[in-house]
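Worksheet: one structure, shown below.
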Amino acid sequence: AKKIPRELSIFLYAVLFRTVFYLFSVVVMAVMGDYSGGITFSDFLEVWKRWDSPHYLNIAENGYAGAVENGEHIFLVFYPLLPWLLRCLAVFFHDMRFCGILLSTICYGIGCIYLYKIAEKEFDKEAALTATVAISIFPFGFFFGSILTESLFFAIASAFLYYVRQHKWSLVAILGFLACLTKVQGLLLAFAVLVELFYSENGIALLRDKKWKDFLRRVILPGCQAAVMLFGFVVYLLINYQVEGDPFRFLYYQTNHWYNGFAPIWTTLHYIIQNAVTGWYTSTGMCLWVPELVLFFVYIAGIVYGFRRKIRPMYLAYLIAFFLLTYSSSWLISAGRYTLSALPLFLLAGDWLQRHEKRKLPILLLSSMLMMLYFVGYFSWKQIM
């Protein structure tokens, strides 16, 4: 019998895992919900339409100009690629919610393929499998099944990092363009490109030795080719301009409606610690502030371990930039979900767990149990968003 290609095998296992978790969500619905008339497929789809999901669906159905609340285009803060893809899928499927579930499932499978390939290249097959499992059963990993940008960005960013490593700059430009249309973190991927070019081509040495032609050919030209990715963000700014005549209008709504902006990292850490210490025993404390406090130190540990393991600098550059952006928020309420996009953290986790076999199983079991627990909280509209 012909052997199934490895990439297809990873994809099929990923889809199977998502399917099993969707079935688990139905069990949670039956136990925790009130469905006296029976659980319908529409009920199932509605469970996965939480928090920001209705806003993406609103944009997909009505466009940015038509997505209005109280006369304002407050949904300009949401990036366009997910709504555009949902609208495309809606040509073939009637229910936009189903389109979101289908897209998330496919993108999650693609993300698993590329995460595995990156980890295998940097470490080995065992670490690659562990990294893929670790991100899948991360306590907030259930968000990969929701109608949000997590799975979409997972697919794009993992492929992006893989092709940066391969120096395939045309693919990097295309994928980076899509990443910048998906969420603001897409811009951070540019740091991976910049660091990889200087690292792999000895850019500092070329400048020091005044080898201008070599620097132009080996660093500047590939960098310019990859820089096309930034036009994805330009498209997003043009949408803001088209709708309200101001390319940076999203910043106004981000601050004045969604009450979120930039803050010094010590300010963010201060209110997280304060809320976690004073209210750890409350639902909001355990769902929101305690995980964010724990994750802060997980990021620090991951970055330190990355330096110790001398992982390729491009991954550390992205991880550090991601960490600083995430924890420089004036009101951080989704760090757990955002962490799913911190892909180098899971590469390092796969390597560390593989090197500490006795701790691997207990940690992965704890992580999976926390994922199920937090999904129950998500289903019950706790502060898990």
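Observations on the model:
- With every protein chain in place, region 1-40: carbon and sulfur % of accessible area (1.4 Å): 69
- Positive-end residue, the chain charge dipole about Cα centroid, Cβ charges, pick of Asn256, Met32, Ile147: Ile147
- Relative contact order (%) - region 1-157, alpha-carbon pairs under 8 angstrom, separation at least six: 28
- Solvent-accessible area, 1.4 Å probe, carbon plus sulfur percent, for region 47-162: 60
- Element breakdown for region 236-385 at a 1.4 angstrom probe: carbon and sulfur atoms account for 68% of the accessible area.
- Three-way shape label, region 1-103, alpha-carbon gyration tensor, a/c 1.5: oblate
- Two-site FRET efficiency, Ala227 against Asp34, from Cβ-Cβ distance with R₀ of 45 Å, rounded to 0.05: 0.25
- Think of the chain as a dipole: +1 on every Lys or Arg Cβ, -1 on every Asp or Glu Cβ, centred on the Cα centre; then among Trp48, His167, Ile384, His167 lies furthest on the positive end.
- The trypsin sites (Lys or Arg not before Pro) of region 1-102 meeting both criteria, a DSSP state outside H, G, I, E and B (loop) and at most 11 other C-beta atoms within 10 angstrom of the site's C-beta, are Lys2, Lys3.
- Filtered chymotrypsin sites (Phe, Trp or Tyr not before Pro), region 280-385: DSSP coil and at most 15 other beta carbons within 10 Å: Trp280, Tyr281, Trp331, Trp381
- When all alpha carbon pairs of region 207-332 are counted in 5 Å bins from zero, the resulting P(r) reads 2, 9, 11, 12, 14, 14, 14, 11, 7, 4, 2, 1, 0 %.
- Sparsely packed trypsin sites (Lys or Arg not before Pro) within region 245-348, loop by DSSP, other Cβ within 10 Å at most 12: Lys310
- Separation of region 309-330 and region 73-108, taken as the distance between their Cα centroids, equals 28 angstrom.
- Modelled FRET efficiency - R0 30 Å, Phe248 with Val91, Cβ distances, 0.05 increments: 0.40
- Around the Cα centre of the chain, unit charges on the Cβ atoms of Lys, Arg, Asp and Glu (plus for the first two, minus for the last two) sum to a dipole of about 1560 debye.
- Accessible area per residue, Å², region 75-232 with all protein chains present, probe 1.4 Å: 39
The values are calculated or read from the model by the stated rules, or taken from the named source; none is laboratory data. Keep in mind that what you see is a predicted model, and the values were worked out from it rather than measured. Counting neighbours? That spans all protein chains shown, and the Cβs are built from the backbone with ideal geometry, glycine included. These accessible areas exclude ligands, DNA and RNA; they are computed on the full protein's heavy atoms, side chains included. Shrake-Rupley method; radii C 1.70, N 1.55, O 1.52, S 1.80 Å.
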